[in-house]
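My questions will all concern the structure given below.
The values are calculated or read from the model by the stated rules, or taken from the named source; none is laboratory data. Everything numeric in this text was worked out from a predicted model, so none of it was measured. Backbone-built Cβ (ideal geometry, glycine too); neighbour counts: all protein chains shown. Calculation scope for accessible area: heavy atoms of the full protein, side chains included, ligands and nucleic acids excluded. Shrake-Rupley method; radii C 1.70, N 1.55, O 1.52, S 1.80 Å.
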Amino acid sequence: MQYLSRLLPPSYVFEGLRAIVAGRAAPMSALLWGGCLAVLYLASAFWFFTRIYQHAVRTGLIARYSAESLS
């Protein structure tokens, strides 16, 4: 589970908060790494959604299942 948690951005935020509560300084490199992972995941989600949307428009799936075609 530790390996999996290294792939999730919130784990770096929680680690930083744990350090602050313990009276230490927040590890900025860890927070930066978590921020970079979040940006990477957002960019990949945007890319994936764009590809799926373009495929649906190109094949006519959106027009085929729209509410206007049901009436």
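Considering each of TRP33, TRP47 in turn, give the residue that is over 10 Å from the mean Cα position of the chain (by Cα) and either touching a residue at least 24 places away in the same chain (Cβ under 8 Å) or surrounded by 13 or more Cβ atoms within 10 Å (Cβ to Cβ) (or both).
TRP33
Further question on the same structure: Count, please, the residues in region 1-30 that happen to be aromatic (Phe, Trp, Tyr) and open to solvent by 90 Å² or more (accessible area, probe 1.4 Å).
2
Okay, moving on. Applying the selection to region 1-23, what residues are among the aromatic types (Phe, Trp, Tyr) and over 14 Å from CYS36 (Cβ atoms)?
Result: TYR3, PHE14.
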